[in-house]
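A.B. asks: Quick one: structure below, then a few questions.
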Amino acid sequence: MTIWGHDVVDILINWFPMFLLIGVWIYFLTRMRGGFMGSYYKEVLELYRRQAEALERVAAALEKKG
């Protein structure tokens, strides 16, 4: 089967890497918005919150000492 003088199989073979790249990009884009990566970001934010609390305690202790 030909389209505009080109064989459909040749077109698909030539464009397959580009379609694969776009598919992988979309997969990771959607995965980062939710699921495993979403929970990862929540864990990171919780870690930052705990670090900020620890730094506040250290700063308060240094202010009392000084």
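The values are calculated or read from the model by the stated rules, or taken from the named source; none is laboratory data. Being a predicted model, the structure only gives us computed values, none of them experimental. A quick note on method: Cβ atoms are made from the backbone with ideal geometry, for glycine too, and the neighbour counts reach across all protein chains shown.
A.B. asks: If you check M1 against the conditions, is it among the hydrophobic types (A, V, I, L, M, F, W, C), modelled with pLDDT under 85 and in contact with a helix residue (DSSP H, G or I) (Cβ under 7 Å, 6 or more places away or on another chain)?
C.D. replies: Criteria met by M1.
A.B. asks: What about E46, is it surrounded by 10 or more Cβ atoms within 10 Å (Cβ to Cβ), at pLDDT 95 or above and not hydrophobic (A, V, I, L, M, F, W, C)?
C.D. replies: Considered against the rule, which asks whether it is surrounded by 10 or more Cβ atoms within 10 Å (Cβ to Cβ), at pLDDT 95 or above and not hydrophobic (A, V, I, L, M, F, W, C), E46 comes out as no.
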